[in-house]
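These notes are about the structure you will find just below.
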Amino acid sequence: MLQAEQNYKSFLNLSVKEYPNKWVALIDGDVVAVKNTFKEVYTETKQKFPQQRPLIAKIPSKKVMIL
């Protein structure tokens, strides 16, 4: 499985209750950083894994409305 696909599938399975309104970074399907801002999570991830391409996304709040 491609790393991007693995990261995306792991992202879809993350608990909204565990990381509400947080930015998360995933590498190889694992959460490697959780922060309040994109810049913080990106900086930490690049320091720890400079050669990797993480999936970085914001977890929505507990209530999500999709129209």
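Would you check which residues across the range 38-67 are β-branched (Val, Ile, Thr), more than 10 Å from TRP23 (Cβ to Cβ) and modelled with pLDDT under 95 and list them?
Matches in the range 38-67: VAL64, ILE66.
Has the range 17-36 got any residue that is without any contact (Cβ under 8 Å) to a residue 24 or more places away in the chain, touching a Phe, Trp or Tyr at 6+ places or on another chain (Cβ under 8 Å) and either on the phi > 0 side of the Ramachandran plot or not aliphatic (A, V, I, L, M) (or both)?
Yes; the residues of the range 17-36 include at least one that is without any contact (Cβ under 8 Å) to a residue 24 or more places away in the chain, touching a Phe, Trp or Tyr at 6+ places or on another chain (Cβ under 8 Å) and either on the phi > 0 side of the Ramachandran plot or not aliphatic (A, V, I, L, M) (or both).
The values are calculated or read from the model by the stated rules, or taken from the named source; none is laboratory data. In this text, all values refer to a predicted model and were calculated from it rather than measured experimentally. Reconstructed Cβ throughout: ideal geometry from the backbone, glycine too, with neighbour counts over all protein chains shown.
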